[in-house]
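Beneath this line is the structure, given in structure tokens, with notes to follow.
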Amino acid sequence: MVANKLLTLVLIRQCNRVLLGYKKKGFGVGRWNGFGGKVEQGETIQQAAARELHEECGVEAHSLEEIGLLKFEFVGDPQWLEVHVFTADTFKGEPTESEEMRPQWYNIHSIPFNDMWPDDKYWFPIFLKGAKFSGYFKFEGHNNILKTELKEVEKLHYNDYEHFKLNGIV
Ligand SMILES: Nc1ncnc2c1[nH]c(=O)n2[C@H]1C[C@H](O)[C@@H](COP(=O)(O)OP(=O)(O)OP(=O)(O)O)O1
């Protein structure tokens, strides 16, 4: 069994706007997304989320709240991605373009789903209404979703995939 690859994703939200970044290179290039990346050895997931946010758009958020847990399987790849999603409504600094991301505020009614990861349109509505979520998506390539499991949760449980598996969902 190959260990999941741990990643973070931070969505800054203020009233009716969300800060997204246009990915300029690497995994997910050409797509709008929150800010995040791999958890490095020796740091907690939350520390990684804050670090990636700062590296990618220059802002600091001290009150990150974990709101989602997403697992991604890609056909032919034994390693799954485990993405821990955080939000914050306050931050310090001015969103600034980095080598990796170009930040831009979007109104919550005009989120550019056609230019985002295809799973985002499923879980963003849960995020936007202020709830937590847990999901599993099976991808073929980077554009085609073969299987989707998503639920709104009161509390995040890191073993939701086990729940899906035990219940014959995946
Ligand atoms: N399917 C999907 N939907 C929404 N968001 C994501 C995905 N898959 C993903 O990987 N992501 C998110 C999770 C992370 O925030 C980024 C990917 O991080 P990545 O750029 O690979 O990590 P870094 O550590 O910044 O990479 P390098 O700088 O090491 O190349 O997308």
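One table, with the values for the structure above:
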| read-out | value |
| --- | --- |
| Longest to shortest principal axis, alpha-carbon extents of region 87-149, angstrom | 39, 29, 19 |
| Theoretical ellipticity at 222 nm over the chain - DSSP helices of four or more residues, -39500 (n - 2.57) apiece, nearest 500 | -5000 deg cm²/dmol |
| Descending principal axes extents, the chain, alpha-carbon based, whole Å | 46, 32, 31 |
| Per-residue HN-Hα couplings for region 37-50 [Karplus 6.51, -1.76, 1.60; θ = phi - 60°; Hz; x = Gly/Pro] | x, 6, 7, 8, 4, x, 10, 7, 4, 5, 5, 5, 4, 5 |
| Sequence-distant lysines (8 or more away, or on other chains) whose Cα lies within less than 28 Å of Lys151 | Lys5, Lys23, Lys38, Lys71, Lys121, Lys129, Lys132, Lys138, Lys165 |
| Most fluctuating residue given options Phe127, Phe86, Phe27, as computed from a GNM of the chain linking Cα atoms under 10 Å | Phe27 |
| Mean-position separation - Cα centroids, region 133-159 and region 29-54, in angstrom | 19 Å |
| Accessible area expressed per residue, the chain, with surrounding protein chains retained (probe 1.4 Å, Å²) | 53 Å² |
| Aspartates and glutamates with Cα under 20 Å of Lys24, excluding same-chain neighbours fewer than 8 positions away | Glu52, Glu55, Glu56, Glu94, Glu97, Glu99, Glu100, Asp115, Asp119, Asp120 |
| Projected-area mean, region 1-102, by convex hull of Cα positions, square nanometres | 7.0 nm² |
| Accessible carbon and sulfur surface of region 95-137 relative to its total accessible area, %, 1.4 Å | 46 percent |
| In nm, spacing of pseudo-spin labels at Thr90 and Asn16 (7 Å Cα→C-beta vector) | 2.4 nm |
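The values are calculated or read from the model by the stated rules, or taken from the named source; none is laboratory data. Quick caveat, the model's predicted, so the values are computed rather than measured. Positions of Cβ are backbone-derived with ideal geometry, glycine not excepted, and every protein chain shown enters the neighbour counts. Note: accessible area is taken over every heavy atom of the protein model, side chains too, but ligands, DNA and RNA are not part of it. Shrake-Rupley method; radii C 1.70, N 1.55, O 1.52, S 1.80 Å.
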